[in-house]
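One structure is given below, encoded as structure tokens.
Laboratory data are not the source of any read-out in this text; all were calculated from the coordinates shown. Since the structure is predicted, the reported quantities are computational estimates derived from the model, not experimental observations. Here the Cβ positions follow ideal geometry from the backbone for every residue, glycine too, while neighbour counts run over all protein chains shown.
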């Protein structure tokens, strides 16, 4: 008996491969977009700036307020409610700001 040739499937050309740099997976684009967005938020928020435009001025104002309260507490003839005075002063300071800041 003669050997029969094996049946081979027809040759198909493989699917073309994308060139390097083309057709990056979607998750890479999503990751890149998320990193760019996060970097933009970080730069826009500028976490390295001082919390006040004039920290020395803020410190001077605080020390002045503290010194006045100290004088009142120490030298006022009657006993003074320094906590009540502080609450009143803070309330008046906040009234001086525009309503959108408070």
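When the square roots of the Cα gyration tensor eigenvalues are ordered a ≥ b ≥ c, the ratio a/c for segment 55-96 is 1.5 or more and a/b does not exceed b/c, which makes its shape oblate.
Fewest-first ordering of 72, 77, 43 by other beta carbons within 10 Å of each residue's beta carbon gives 77, 43, 72. Our note on the geometry: Cα centres of segment 85-100 and segment 32-83, 15 Å apart.
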